1. Which cross-chain or sequence-distant (5 or more) residues have an amide H under 5 Å from the amide H of Leu76, H modelled 1.01 Å from N in plane?
2. Using only the Cα atoms of the chain, build the gyration tensor, take square roots of its eigenvalues as a ≥ b ≥ c, and label the shape rounded, prolate or oblate: rounded if a/c is under 1.5, else prolate if a/b is larger than b/c, else oblate.
3. Rounded to the nearest 0.05, what FRET efficiency do Asn218 and Ser249 give with R0 = 35 Å and r taken as the Cβ-Cβ distance? Could you check?
4. Taking the alpha-carbon set of the range 11-91, what are its Rg and Dmax in Å?
5. How much FRET efficiency would the formula 1/(1 + (r/R0)^6) give for Asp114 and Glu200, where r is the Cβ-Cβ distance and R0 is 30 Å, rounded to 0.05?
6. Starting from the Cα of Ala121, move 7 Å in the Cα-to-Cβ direction to define the label point; list residues of the range 146-185 whose amide nitrogen is under 19 Å from there.
7. Could you give each residue of the range 150-160 its phi-based ³J(HN,Hα) in whole Hz, using Karplus coefficients 6.51, -1.76, 1.60 with θ = phi - 60°, and x for Gly or Pro?
8. Hey, what do the phi angles of the range 200-213 turn into as Karplus ³J(HN,Hα) couplings, whole Hz, using 6.51/-1.76/1.60 and θ = phi - 60°, x for Gly and Pro?
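Each reported figure results from applying straightforward, stated rules to the coordinates on display, with no laboratory input. Source: prediction; values computed, not measured. Here the Cβ positions follow ideal geometry from the backbone for every residue, glycine too, while neighbour counts run over all protein chains shown.
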Amino acid sequence: MPNATGRQDAARSVVFAPLDGTGRAELVEQRLTDAIVSGVLRDGERLPSESELARSLGVAVVTAREALESMRERGLVRTRRGRDGGSFVTHDRDAAARLLDSRLRGHSRIELRDLALHVAAIAGTAAELAADRASRDDVESLLAIHAAADLSTAGGARRALSRFQLEVAAISQSPRLVREEVRLQGEAGPLLWLCLRDQEYRDVSAANRTRVIDAIGNVDPVAARAATIAQATGALDWLVDEKVRIEASADLTREGA
């Protein structure tokens, strides 16, 4: 079980965690694309080799190769040969925003609500258990992660949130909750935490983490769970409003064409 998560990049560990189900190239591509457009994998960053990527994701090398080839065609990665060669992230913010906006339009409000409920159930239970089981060192670890958070960009805020939630799950002392938290961060995180593109919500998210830490430190499971659920609920409200805005803008564009 991970501990002292602040000494590692938890968001990156989620990106390269084994995939559930069959190892299709589309799943590998989706995982990496989500990490790029959400800012977890940064522009110019070197990706693992095909063999390393296949091993970490639990897929065949040919599957990893197919995913990278498709991402090259979409302009998300570039590959160069030689001693310093490899596949590198090419992050176009406008293109990334369009990808995520398209993904948001593809989800109904019911689907978005179900997604947020699932995330809230797992993270809320982890926080509740953490409040009962945390040591002083555990609380200090959460405070260190919170203090080190970079809220200047969406990617930095996402990495901070990922590290924090994984540490809370680890403190809960439930391996199953840790595994489910990792899985959900890969599946739901890029969409649910789209709100972190706004500085206002990055600040709201940071303030909410303070409430979670206080509740865990005060051995208040009810407050820890409530503060964690509030974070997911706030993200859902933002998503629904953003979906309405994007769809209204698309309608205006069609009318003007």
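1. none
2. Numbers: a/c = 1.89, a/b = 1.25, b/c = 1.51.
Oblate, since a/c reaches 1.5 and b/c is not below a/b.
3. Working: r = 44 Å, r/R0 = 1.27.
So the FRET efficiency works out to roughly 0.20.
4. That works out to 11.5, 35 Å for Rg and Dmax.
5. Working: r = 26 Å, r/R0 = 0.86.
Efficiency, from the Cβ-Cβ distance: 0.70.
6. Counting backbone N atoms under 19 Å from the label point, the list is 169, 174-185.
7. Ordered by residue, 3J(HN,Hα) equals 9, 9, 7, 9, 5, x, x, 5, 5, 5, 5 Hz.
8. 4, 6, 4, 5, 4, 4, 5, 5, 5, 4, 4, 5, 5, 4
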